[in-house]
């Protein structure tokens, strides 16, 4: 069967070329690409067939799917119905049972080497994986079967990427990330609990349009979405630099929007796009709502010190208690320097006026 491109789909619906280009511009932004890539996105959208996507679920809570269907740019409905060919998904598919599993096998064979495999949830390893079954087989079996013919694998969420809460100590089911079960298929990790919906969309569209995975960091995460720490993009950062911290959730600092570092914020060690993209179409994110970052896109974040417990140190600055003192000291030095300069400028002005007066 011949598959349509995004441009074919637009023409079939009677939409204008202008609408198509506007959609490509939006996709370019969504994928975290610079504006000089718009032409390449348009070219790819004109010729590249809509990608076939298989989405399987392991040990998880379906939170990643729930996040995905709340995507606002583009709407999840537009993505599923117009921009990808979603052939299998436990949550979003209407079919079920044996015919549904038969369709999965048919899809894997028909589009071998061409489909994108999205994986949500951890895989269980203890007792031969019996703690997570799908279609009468262990999830690890399904994962190996589906990944064998995939063009690329996307690990959606911290469970698929690292094991998630299922892998938290003492990890009774032996849950882990999926990397050890997918063979040589290219893997993109999209951690988060859950990931930001626009990040999920941006990654899969990059693979769909360009036929390759996006540039990755050392942990296998796409750089355009995991290249900055929450701390680097946080609007409360100036308060951190000034040594102004909320001490409790209801003190004057918290009410004034001061830094939440002392309340356990993991922003200085967490890489994600929460501060850039935010949630609910850019409306807010945890820190903006008054809750410190818990580092949900970090490996083993559930096994960190108790959540909402302050980190002992912050990188090169050492003990955070010294930051305020250092900021105050710097401010004092700045005020003193400003006073010296002001006095010197005043003396120069007076000397000049005196010289001019003597010249008269």
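Just so you know, all these numbers are worked out from the coordinates, no wet-lab data involved. Note that the structure is predicted; figures quoted are calculated from it, not measured. Every residue, glycine among them, receives a Cβ derived from its backbone with ideal geometry; neighbour counts consider all protein chains shown.
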Exercise. Assign one of three labels to the range 51-226, namely rounded, prolate or oblate, based on the Cα gyration tensor with a ≥ b ≥ c the square roots of its eigenvalues; rounded applies when a/c is under 1.5, prolate when it is not and a/b is larger than b/c, and oblate otherwise.
Key: rounded
Quiz item: Points 7 angstrom from Cα along the Cβ direction at residue 110 and residue 26: gap in nanometres?
Solution: 2.8 nm
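Give the order of 156, 115 when sorted by the count of other beta carbons within 10 angstrom, beginning with the fewest.
Values: 156 30, 115 22.
Least to most surrounded, the residues fall as 115, 156.
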Practice problem: Can you tell me the FRET efficiency between residue 300 and residue 148 if r is taken as the Cβ-Cβ distance and R0 is 35 Å, rounded to the nearest 0.05? | Solution: 0.75
Quiz item: How far is it, in nm, from the label point at residue 35 to the one at residue 18 when both lie 7 Å from their Cα along the line to the Cβ?
Solution: 1.9 nm
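Take each of the peptides 76-86, 141-151, average the number of other beta-carbon atoms within 10 Å over its residues, and list them starting from the highest. Please list the in-between numbers first.
On the way: 76-86: 17.2, 141-151: 20.2.
The densest-packed peptide leads the list: 141-151, 76-86.
Residue 179 to residue 70: extension gain in nm, 0.36 nm per residue of separation minus the Cα-Cα distance? Spell out each step's value before the answer.
Working: separation 109, 0.36 × 109 = 39.24 nm, distance 2.70 nm.
Full extension from residue 179 to residue 70 adds 36.5 nm.
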Exercise. Report the full-extension gain for the segment residue 218 to residue 283: residue separation times 0.36 nm, less the Cα-Cα distance, to one decimal in nm.
Key: 20.4 nm
Exercise. Give, as ranges by residue number, the residues of the range 274-299 whose backbone N falls under 20 Å from the point 7 Å along Cα→Cβ of residue 247.
Key: 291-292
Exercise. Using per-residue counts of other Cβ atoms within 10 Å, averaged over each peptide, order 158-166, 49-57 from highest down.
Key: 158-166, 49-57
